[in-house]
Amino acid sequence: MQVNLQETHTGKLLAATIESVEAIDLIRIQEDSEFAFDWNLESKKKMFKLSLGENGKTLGLVAILDIPEEFRIEISVLEVAFSQKGRKKVIDRIAGCLIAYCCWLAFENGYLGFVSLIPKTDLVEHYQKKYGFQQHGRQLAVELDQANLLIQTYLDYGKKPF
């Protein structure tokens, strides 16, 4: 899926792609000092990478669980490259595009956009304010209208896709 990232200093849109992680990608990711998480631990789950169109460099990764009996997608791990975090980042919208892609998958699977995650404690407020997640016990979740809004905002559909 094609998405647009954004240069933080200029506002210029950058073409990027979200696609499945293949075995060869895991080798490159583990060799890359941009990611702290051991992505081999997630190899049994569905994993997707967000790569910059110009050079194919992986800027973000997400691992998900499809839980059809609960009509939801759970984000197991979401990671943005070290160089694209905080005040020094050059490219924005990486995490948002990956979360919106999970929402899109949840609609595609007939789950009404229901996506959940268990965040690190220090990120709860961030997920709530920036992406509209709501607290559901230990988990945060989005669905329906909020999931559609994330899709519109980050996947550039411009209208309600579902």
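A run of the chain free of exposed loop cleavage sites, with GluC sites (Glu not before Pro) counted only in DSSP states other than H, G, I, E and B and at most 14 other beta carbons within 10 Å, reaches its longest extent at 55-162. Mean-square fluctuations from a GNM of the chain, with a 10 angstrom spring cutoff on Cα atoms, peak among Ile27, Ile75, Ile151 at Ile27. By the helix-only formula, in which each DSSP H run with n ≥ 4 contributes -39500 (n - 2.57) and the sum is divided by residues, the chain has a 222 nm mean residue ellipticity of -8000 deg cm²/dmol. Sequentially through the stretch 135-149, phi angles give Karplus couplings (6.51, -1.76, 1.60; θ = phi - 60°) of 6, 9, x, 7, 9, 10, 8, 10, 6, 6, 4, 5, 5, 4, 4 Hz, Gly and Pro residues having no value and appearing as x. Cβ crowding within 10 Å ranks Arg87, Arg138 as Arg87, Arg138, fewest other Cβ atoms first. Cut-off 10 angstrom, C-alpha nodes, Gaussian network model of the chain. Which of Arg72, Arg93, Arg28 fluctuates the most? Checking each option, the largest mean-square fluctuation is seen for Arg28.
Cross-link list Lys12/Lys46; Lys57/Lys89; Lys85/Lys120: which exceed 20 angstrom alpha carbon to alpha carbon? Lys12/Lys46, as the Cα separations exceed 20 Å there. In this rough spin-label picture, where each label sits 7 Å from Cα along the Cβ direction, the Thr153-Gln139 distance is 2.1 nm. The candidate values are (1) 72, 29, 22; (2) 65, 40, 22; (3) 37, 35, 29; the one derived from this structure for Cα extents along the principal axes in Å carries the label (3). With a cut-off of 14 Å between beta carbons, the residues surrounding Ile24 carry a summed charge of -3, where Lys and Arg count +1 and Asp and Glu -1. Using the Karplus relation 6.51 cos²θ - 1.76 cosθ + 1.60 with θ = phi - 60°, the per-residue 3J(HN,Hα) values for the stretch 31-42 come to 7, 7, 7, 7, 10, 8, 6, 7, 5, 5, 5, 9 Hz, with x marking Gly and Pro.
Any read-out appearing in this document is the output of simple, stated calculations on the displayed coordinates, not a laboratory observation. Just so you know, these numbers come straight off a predicted model, no measurement behind them. Using ideal geometry, Cβ is built from the backbone for each residue, glycine included, and neighbour counts are taken over all protein chains shown.
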